[in-house]
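The values are calculated or read from the model by the stated rules, or taken from the named source; none is laboratory data. These figures come from a predicted structure and were not determined experimentally. Virtual Cβ from ideal backbone geometry, glycine too; neighbours counted across all protein chains shown. These area figures cover heavy atoms from the full protein model, side chains too; ligands, DNA and RNA do not enter into them. Shrake-Rupley method; radii C 1.70, N 1.55, O 1.52, S 1.80 Å.
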Amino acid sequence: MTSGTADPLERLRALQGADLPVHGGRTLAYVYDSGEPEVDRVAREAVAAYAASNALDPTAFPSLLQMENELVGFACALLDAPVTAVGTVTSGGTESILLAVQGARDSRPDVVRPRMVLPSTAHAAFHKAAHYFGVEAVLVPVGPDFRADPAAMAEAMDDDTVLVVASAPSYAHGVVDPVTDVAAAAAARGIRCHVDACIGGWVLPYAARLGRAVPPWTFAVEGVTSISVDTHKYAYAPKGTSLLLHRDAGLRRPQFFASAAWPGYTMLNATTQSTRSGGPVAGTWAVVEHIGDAGYLELAERALAAVDAIVERIEREPALRLVVPPDSTLVAMATDASCDPFTLTDELVDRGWYVQPQLSHGADGASIHLSVSAGTVAHVEEFATALTESLAAAQAAGPVAVDADVVAFIEALDPTTLDDDDFDGLLAASGLVGTAADGGLELPTRMAAVNAMLDVASPPMREALLVAFLDRLQRPVRRS
Ligand SMILES: Cc1ncc(COP(=O)(O)O)c(C=O)c1O
């Protein structure tokens, strides 16, 4: 009965060759590598076994409910959750955050214009939640150490504030906010306080057990009402899971959705998805079972050892500096005037080290982000060599100059009034999208010029340009 490609898996492998490696500890954003091949084997088999199972209905697939409840139980121990705590498995950090914001909004039907108070470093997922749910994001500048300013946040809270947020740690700078003071200020006004521990929640408890200084941020802190922690990050689980925990079931209740307002089955969901693949749930459960508490302690020790080695290396280079000393496994480094950060990024990528450029933001210059995994520790010497070589190459290449006319042009444009033709011209001029010989799109391989151009654009212009870019990327491939 088959009439398609004889061996699609062969093509799949060929296609995958264009992607960043997910193993090898050298991809320092997007993926998290335990460095343990057995972890990947267990994950693969569990995902495959449950790929067609549907977590939509826990009575039909009770094994998935069991796995979810066991995962939440594991996280409860990690996050000092009280016996009243409950949790939900979601598809990722953004979904956990969306639900935390939606739940907070819907817990306050009396508030007509809901607001949430965020440190300016909070993850963009909160801005997405603001956009989706009509909650105003009130941004409070962080202090010079890039940590939230609790006094300023307290000042920003009012009767319409439905949620207050802190990060443990923040993505861009890798530091933990003063959760105790932020949560206390929220509790004093009876406002929910969410701790976004999406990226740090599975590492920080182990870092503390290893004797490192970790400021309090879990449910042990009074006033913390919910925490998000992503299993598909530092629990080294396959992509597609995060956990959202609430201090008690009452706090979670507005997150649930049921609808009997149609002739089919009564829809009953704890998350934004309805049909949910059992694959990521089973894969995550199997990985957490396999690694276990002692295993995570060891993986945290390795990841933190890799961070220490990388930090030491950065501190040895006069042209480099840490933006702020890291509290966890995320490193933000900046360059001095002798070295263009975007060129340095390209040079590291060329040497097999994927690092992520962070554009300048407000008064803060551009920087380079590294999410360091346990799998990186075996390769820190290679990283050190790549860094030295890349630095020399970037310094020799000199700064990336954005043409003054292009700067003037971009500055003069209003992104809200541009039409599709304008975007086509801008994307071509920026090098973001070229046209290949076959008429398809050609992605740039060296990104420095593109990043330099985006860096001079205003945030709304960056958003508009990148949305236009994505729109051009997502076009059907039709078979002739
Ligand atoms: C602190 C923090 N919050 C939220 C997210 C969003 O997670 P996801 O990409 O899984 O949606 C991230 C992702 O890196 C993060 O670091």
Which of (1) assigned to a helix (DSSP H, G or I); (2) touching a residue at least 12 places away in the same chain (Cβ under 8 Å); (3) open to solvent by 10 Å² or more (accessible area, probe 1.4 Å) does residue 139 not meet, given it meets every other one? (1)
From 413, 359, 427, 387, grab the single residue that is touching a residue at least 12 places away in the same chain (Cβ under 8 Å), open to solvent by less than 30 Å² (accessible area, probe 1.4 Å) and more than 30 Å from residue 291 (Cβ to Cβ). 427
Please pick out the residue among 228, 259, 167 that is over 19 Å from residue 142 (Cβ atoms), within 16 Å of the ligand (Cβ to nearest atom) and touching a strand residue (DSSP E or B) at 6+ places or on another chain (Cβ under 7 Å). 228
Take the conditions farther than 19 Å from residue 358 by Cβ, assigned to a helix (DSSP H, G or I) and of a type outside the set (Ser, Thr, Tyr) and apply them to residue 401. Does it pass? no
So, of the residues in segment 88-129 that are among the aliphatic types (A, V, I, L, M) and open to solvent by 40 Å² or more (accessible area, probe 1.4 Å), which turns out to be farthest from the ligand (Cβ to nearest atom)? 112
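Are any residues in segment 455-468 open to solvent by 10 Å² or more (accessible area, probe 1.4 Å) and either part of a helix (DSSP H, G or I) or touching a strand residue (DSSP E or B) at 6+ places or on another chain (Cβ under 9 Å) (or both), and if so, which ones?
So in segment 455-468, the residues open to solvent by 10 Å² or more (accessible area, probe 1.4 Å) come out as 455-456, 458-460, 462-464, 466-467.
Once the filter is applied, which keeps residues that are open to solvent by 10 Å² or more (accessible area, probe 1.4 Å) and either part of a helix (DSSP H, G or I) or touching a strand residue (DSSP E or B) at 6+ places or on another chain (Cβ under 9 Å) (or both), segment 455-468 yields 455, 456, 459, 460, 462, 463, 464, 466, 467.
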For segment 71-86, give me each residue that is within 16 Å of the ligand (Cβ to nearest atom) and outside any helix (DSSP H, G or I). 79
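Which ones in segment 183-207 are open to solvent by less than 50 Å² (accessible area, probe 1.4 Å), over 18 Å from residue 90 (Cβ atoms) and either part of a loop (DSSP other than H, G, I, E, B) or away from the ligand (no atom under 15 Å from the Cβ) (or both)? It would help to see each step written out before you state the result.
Here is the first cut: in segment 183-207, the residues open to solvent by less than 50 Å² (accessible area, probe 1.4 Å) are 183, 185-186, 191-207.
So of that shortlist, the ones also over 18 Å from residue 90 (Cβ atoms) come out as 183, 185-186, 191, 193, 203-207.
Matches in segment 183-207: 183, 185, 186, 191, 193, 203, 205, 206, 207.
Restricting the search to segment 158-182, which residues are open to solvent by less than 10 Å² (accessible area, probe 1.4 Å) and within 28 Å of residue 321 (Cα to Cα)? Reasoning before the result, please.
First, the residues of segment 158-182 that are open to solvent by less than 10 Å² (accessible area, probe 1.4 Å): 161-170, 174-177, 179, 182.
Within segment 158-182, 166, 167, 168, 169, 170, 174, 175, 176, 177, 179 meet the criteria.
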Do you know which residues across segment 342-368 are within 17 Å of residue 449 (Cβ to Cβ) and part of a loop (DSSP other than H, G, I, E, B)? 359, 360, 366
Go through segment 208-219 and report how many residues are away from the ligand (no atom under 16 Å from the Cβ) and open to solvent by less than 20 Å² (accessible area, probe 1.4 Å). 1
Top-ranked residue of segment 130-158 - restricted to ones that are touching a Lys or Arg at 6+ places or on another chain (Cβ under 8 Å) and among the charged types (D, E, K, R), ranked as farthest from the ligand (Cβ to nearest atom): 158
